[in-house]
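Asker: Starting off with a structure, shown below.
The values are calculated or read from the model by the stated rules, or taken from the named source; none is laboratory data. Just so we're clear, the structure is a prediction, and the values are computed from it rather than from any experiment. Neighbour counts run over all protein chains shown; Cβ positions are idealised from the backbone, glycine included. Remember, those area values only see protein heavy atoms, side chains included, never the ligands or the DNA or RNA. Shrake-Rupley method; radii C 1.70, N 1.55, O 1.52, S 1.80 Å.
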Amino acid sequence: MMSLISLPQLANFPVSHNDSEQRLILTGISWGEYQQFLDSLGDSATYRTIYLEGVLEIMSPSRRHEVSKKSIGRLLEVYLEAAEIDFWGLGSTTLRGEKGKAGKEPDECYCLETDKELPDLAIEVIVTSGNIKILEVYRRLGVKEVWLWQNDQLEIYYLENDQYSRQENSQLLPNLDLNLLSQFINHPNPRLAMKEFRELVINS
């Protein structure tokens, strides 16, 4: 039960300091217990959670995970600035919906054009797969588009008729060259990656 899980007890749950991710999966967790646990975490960036119908997964992300998600976010913001598209970056804000019994902290998420309660776009870096289906959580939350970065490839999913379908291009940002963006995600120098990507975007 969640009442048995607290931050002090999580001290024994290993925090990743290298390329290994740590996961703890709990079952039989009520919505109220999930909410209580989120309150106990507060603004802690040490752990990420994902909840779906009584199953709670707690993850300590790896260095590689964090480097990739920051890289994708920076490059996307370079494009949005160059394309003069207004955006609000919500980072890893906890998204939750009691009706759908689902909740998650995205790796990165954004509202486009106007600020909204729910982001239009969520980005997930997958280094190791968990037990909870990420797209099902986002479907229940109603996020329009989800990008999955896995095995050095971007997969784009767009929500239509309450189901996600895989897309070749972003439906929210149809002029964004995702192949070009992908080439810079693993660039060894983040500053140069942003500079070179911006130049290519502006001159395209």
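Asker: For the stretch 127-144, indicate whether the set of residues that are touching a Pro at 6+ places or on another chain (Cβ under 8 Å), part of a strand (DSSP E or B) and crowded, with 21+ Cβ neighbours inside 10 Å is non-empty.
Answerer: For the stretch 127-144, residues touching a Pro at 6+ places or on another chain (Cβ under 8 Å), part of a strand (DSSP E or B) and crowded, with 21+ Cβ neighbours inside 10 Å: absent.
Asker: Show the residue pairs that are 6+ apart or on different chains and have beta-carbon atoms under 7 Å apart, the first residue being within the stretch 76-102 and of a type in the set (Phe, Trp, Tyr), the second being assigned to a strand (DSSP E or B) and open to solvent by 90 Å² or more (accessible area, probe 1.4 Å).
Answerer: Sorted first by the residue in the stretch 76-102, then by its partner, the list stays empty.
Per-residue answers, yes or no, for (1) surrounded by 22 or more Cβ atoms within 10 Å (Cβ to Cβ); (2) of a type in the set (Phe, Trp, Tyr):
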site	(1), (2)
Thr46	no, no
Val55	no, no
Ser71	no, no
Trp88	no, yes
Ser92	no, no
Glu108	yes, no
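Asker: Right, next: Between Leu159, Leu172, which is farther than 20 Å from Leu80 by Cβ, open to solvent by 30 Å² or more (accessible area, probe 1.4 Å) and either outside any strand (DSSP E or B) or in contact with a helix residue (DSSP H, G or I) (Cβ under 8 Å, 6 or more places away or on another chain) (or both)?
Answerer: Going through Leu159, Leu172 in turn, just one is farther than 20 Å from Leu80 by Cβ, open to solvent by 30 Å² or more (accessible area, probe 1.4 Å) and either outside any strand (DSSP E or B) or in contact with a helix residue (DSSP H, G or I) (Cβ under 8 Å, 6 or more places away or on another chain) (or both): Leu159.
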